[in-house]
Amino acid sequence: MATIITEEDEMVHNGEALPILSASAKKMKIDKLLTAPLPTYSASVPGSYFWTKIAFWMCRRVSSVQFRTRATSSAVPLSAAGPGAMCCGWHTNGLMDPLAIFLNHPKEFVVGARHDLVTRPLLGWWTRRLAVQPVVRKAELLRGGCTEEEALHLNGRSLLALSSGVAHGFGCVLFPEGTSHSNAHMIRFKTGPIRTVLAAAAIAKSKEMPLPKVVPVGLHFRRREHFRTDQFIEFGEPIEIVDDMVPSAMVEAVQQGGWIEPPESTVHRLRDALQEQLPYLTPNASTWKEHRAVHLLAHAEAREQGKKLHTWEEEVLAARNVRDTWPGSTTTFPPQPLGGERMAHASEAAELLDTAGLDGRDLGAKGQVFRKASWGRVPSAVLSVVLFAALLPFSITSLGLQITLGRLLGDSTDEGLDARTSFQFLAAFFGSLLIWPVVAGLWTVLVYLNREALASALGLSSSWLEVGGASPLLGLVLVFIACFPLFWASGKSFASAWDVWVDTRKAWTRFRFPAEEKTRLGRLLDKINS
């Protein structure tokens, strides 16, 4: 049996405290995990084609509501064809991190995930249809979640399945940190993604297929835990795997259906190459406070030049330039704090704004502390609110339970702030599947019971449900179907109205900002710019 370590022991592995496990992560169902369906490599998708397409279509719909703006960039053109891609990013936003990569890369993906995502109710049913491969992490093994033999067997099975998928040209997402966390910088890199992609390279070489690549991915969320936050995904320069990284012994082993570990020196070489590139695509700040200060400095510098950072992507890149050109900054892992009096002033100003729910976007032009409200946006804001009010009955009935459930689960989870929006996403995703049909049925019954009153109010014939002279059944089926685009429209209108509320609240905060603190902020900005 594996050694059982209690959380009170604060187990340290390789110099780092193991992450605290959630209640769900502690529930190991090894028998069910070993029966998880394996991916198929001859088809266009690794799992069920129908359920995969439905799942990703719905994920895109939910993401369009969950995020206010979405942008992506790539150092090289992305393609669904060509060699497999092992995408590696930092991991601070739970399920939203892999989804961001899935939805912005043209490839289909073989998926590896924490073991409990394959055994949870509802979610587990879906992940098994997508052929998601379960993985047991070191923290679960060391804390006695299963025996070492079971973990090795399950992880070996999953690694081989993922490697085979990448070798056959699919994409894969694995996070070198091995866990989702809440730091403003990356934590110690594990070797799992590198060993997996080297295994894929051995399989590809044995079949005379192109060798896969490692793709660093920057995942940027303005405030990851907020509804309607901004998202920017950037795919970095791929790290090539060359022929001499894959020894003939590995190729011969996979040809015979076996497996041997890749050379340790090659694993570390590739891991170090990834560790050199990937932090650059993250905030890479010593603390979130420093991160906020750097972004404020980016806005302040643009303001001094008579410019504005209009998009989240522009802000991320401008903040990166501030960070990389900071006097005395050094490239270390993890990063050292940025020092100096100017950074101290920026930190103080950023915290003053953050406490009031504001940030660098709220600064005014040069010579003004705050920007004024944009009256040109009033007509579109009024239209958004009017449309939301018109669809309010549909919003309440179709979204009310989902919003409540997502908020309760997100605020009460024991998995940390990095899982908050994951629960909100899942509530929206499964709520659409389970709640909307029931609500649509209730609306259809309501329409039938009030068909005469509706006909009178709308100036329709009393037999308006008898489409083409048929029985009312066909008309009721059409009413039922029509409910779903109405529910979708009500969700979009709710999101737009929420944006109006947030913008209005910020404008009011700027207008009512205490005079003393406003003066203090102005002095800090002057010191920053000088």
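Which residues, counting only those in the stretch 247-260, are part of a loop (DSSP other than H, G, I, E, B) and either surrounded by fewer than 13 Cβ atoms within 10 Å (Cβ to Cβ) or of a type in the set (S, T, N, Q) (or both)?
Taking the stretch 247-260 as the starting set, the residues that turn out to be part of a loop (DSSP other than H, G, I, E, B) are 247, 256-260.
Across the stretch 247-260, the qualifying residues are 256, 257, 258.
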**Prompt:** Assuming residue 204 fulfils every condition listed in (1) hydrophobic (A, V, I, L, M, F, W, C); (2) assigned to a loop (DSSP other than H, G, I, E, B); (3) buried (at least 23 other Cβ atoms within 10 Å of the Cβ) apart from one, which condition is it?
**Reply:** (2)
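Considering only residues that are farther than 25 Å from residue 229 by Cα and among the hydrophobic types (A, V, I, L, M, F, W, C), which ones fall in the stretch 68-77?
First pass over the stretch 68-77, keeping only residues farther than 25 Å from residue 229 by Cα: 76-77.
Matches in the stretch 68-77: 76 only.
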**Item:** Whichever residue in the stretch 375-414 is free of Cβ contacts under 8 Å to residues at least 40 places away in the same chain and polar (S, T, N, Q) and, among such residues, is surrounded by the most Cβ atoms within 10 Å (Cβ to Cβ)
**Value:** 402
**Request:** Inspect all residues belonging to the stretch 75-96 and state whether any of them is surrounded by fewer than 22 Cβ atoms within 10 Å (Cβ to Cβ), polar (S, T, N, Q) and out of contact with any Leu (no Cβ under 6 Å at 6 or more places or on another chain).
**Result:** yes
**Item:** Residues of the stretch 234-266 satisfying the condition of being over 30 Å from residue 103 (Cβ atoms), touching a residue at least 12 places away in the same chain (Cβ under 8 Å) and aliphatic (A, V, I, L, M)
**Value:** 242, 245, 246, 250, 251, 253, 254
**Asked** In the stretch 327-359, how many residues are more than 21 Å from residue 522 (Cα to Cα) and under 29 Å from the mean Cα position of the chain (by Cα)?
**Response** 8
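One line per residue, one yes/no per condition, for (1) of a type in the set (D, E, K, R); (2) in contact with a strand residue (DSSP E or B) (Cβ under 8 Å, 6 or more places away or on another chain); (3) within 20 Å of residue 510 (Cβ to Cβ):
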{"residue": "303", "(1), (2), (3)": "yes, yes, yes"}
{"residue": "313", "(1), (2), (3)": "yes, yes, no"}
{"residue": "341", "(1), (2), (3)": "yes, no, no"}
{"residue": "350", "(1), (2), (3)": "no, no, yes"}
{"residue": "365", "(1), (2), (3)": "no, no, yes"}
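Of all the residues that make up the stretch 227-246, how many are part of a strand (DSSP E or B), surrounded by fewer than 22 Cβ atoms within 10 Å (Cβ to Cβ), over 14 Å from the mean Cα position of the chain (by Cα) and not aliphatic (A, V, I, L, M)?
Here is the first cut: in the stretch 227-246, the ones part of a strand (DSSP E or B) are 229-235, 239-240.
Then keep just the ones that are surrounded by fewer than 22 Cβ atoms within 10 Å (Cβ to Cβ); that gives 229-230, 234, 239-240.
The next check asks that each one be over 14 Å from the mean Cα position of the chain (by Cα); those that pass are 239-240.
Still in the list and also not aliphatic (A, V, I, L, M): 240.
The number of residues fulfilling the criteria is 1.
Out of the residues in the stretch 102-124 that are more than 16 Å from the chain's Cα centre (by Cα) and within 17 Å of residue 49 (Cβ to Cβ), state the one that is surrounded by the fewest Cβ atoms within 10 Å (Cβ to Cβ). Spell out how you get there, then give the answer.
In the first step, residues of the stretch 102-124 are kept if they are more than 16 Å from the chain's Cα centre (by Cα); the result is 106-108, 110, 115-116, 118-124.
Now drop any that are not within 17 Å of residue 49 (Cβ to Cβ), which leaves 106-108, 110.
Working: 106: 11, 107: 21, 108: 19, 110: 30.
The selected residue is 106.
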**Fill in**
Checking 438, 477, 447 in turn, the sole residue that is over 23 Å from residue 65 (Cα atoms) and free of Cβ contacts under 8 Å to residues at least 12 places away in the same chain turns out to be 477
**Asked** What tally of residues in the stretch 145-165 results from selecting those that are free of Cβ contacts under 8 Å to residues at least 12 places away in the same chain and either assigned to a loop (DSSP other than H, G, I, E, B) or within 25 Å of residue 214 (Cα to Cα) (or both)?
**Response** 1
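For every residue, the table says whether it meets (1) over 24 Å from residue 180 (Cα atoms); (2) in contact with a helix residue (DSSP H, G or I) (Cβ under 6 Å, 6 or more places away or on another chain); (3) outside the structural domain of residue 274 (by TED's automatic domain parsing); (4) at pLDDT below 65.
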site	(1), (2), (3), (4)
25	no, yes, yes, yes
28	no, no, yes, no
31	yes, no, yes, no
40	yes, no, yes, no
55	no, no, no, no
72	no, no, no, no
78	yes, no, no, no
86	no, yes, no, no
90	no, no, no, no
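Going by the conditions given, is residue 310 of a type outside the set (A, V, I, L, M) and more than 30 Å from residue 526 (Cβ to Cβ)? Give the derivation first.
Details: of a type outside the set (A, V, I, L, M): yes; more than 30 Å from residue 526 (Cβ to Cβ): no.
Spelling it out, it is not the case that residue 310 is of a type outside the set (A, V, I, L, M) and more than 30 Å from residue 526 (Cβ to Cβ).
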**Message:** Suppose we keep only residues that are over 22 Å from residue 51 (Cβ atoms), touching a Gly at 6+ places or on another chain (Cβ under 7 Å) and among the aliphatic types (A, V, I, L, M) within the stretch 423-467. Which one would you say is surrounded by the most Cβ atoms within 10 Å (Cβ to Cβ)?
**Reply:** 465
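Residue 303: surrounded by fewer than 21 Cβ atoms within 10 Å (Cβ to Cβ), among the charged types (D, E, K, R), in contact (Cβ under 8 Å) with a residue 24 or more places away in the chain and not in a loop (DSSP other than H, G, I, E, B), yes or no?
Details: surrounded by fewer than 21 Cβ atoms within 10 Å (Cβ to Cβ): no; among the charged types (D, E, K, R): yes; in contact (Cβ under 8 Å) with a residue 24 or more places away in the chain: yes; not in a loop (DSSP other than H, G, I, E, B): yes.
It is false that residue 303 is surrounded by fewer than 21 Cβ atoms within 10 Å (Cβ to Cβ), among the charged types (D, E, K, R), in contact (Cβ under 8 Å) with a residue 24 or more places away in the chain and not in a loop (DSSP other than H, G, I, E, B).
Taking the stretch 38-47 on its own, how many of its residues are surrounded by 13 or more Cβ atoms within 10 Å (Cβ to Cβ) and more than 25 Å from the chain's Cα centre (by Cα)?
2
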**Message:** Can you tell me how many residues within the stretch 367-416 are out of contact with any strand residue (DSSP E or B) (no Cβ under 8 Å at 6 or more places or on another chain) and outside any helix (DSSP H, G or I)?
**Reply:** 10
**Asked** What are the pairs, 6+ residues apart or on separate chains, where a residue within the stretch 335-347 that is more than 10 Å from residue 290 (Cβ to Cβ) has its Cβ under 7 Å from a residue that is of a type in the set (Lys, Arg)?
**Response** 345/527
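Can you find even one residue in the stretch 243-265 that is of a type in the set (D, E, K, R) and within 28 Å of residue 78 (Cβ to Cβ)? Reasoning before the result, please.
Step one: list which residues in the stretch 243-265 are of a type in the set (D, E, K, R), which gives 243-244, 252, 261, 264.
Imposing the further condition that a residue be within 28 Å of residue 78 (Cβ to Cβ) reduces the set to 243-244.
Yes, the stretch 243-265 has at least one match.
The values are calculated or read from the model by the stated rules, or taken from the named source; none is laboratory data. Remember, predicted model here, so these are calculated numbers, not experimental data. Cβ coordinates were reconstructed from backbone atoms using ideal geometry, including for glycine residues, and neighbour counts include every protein chain displayed.
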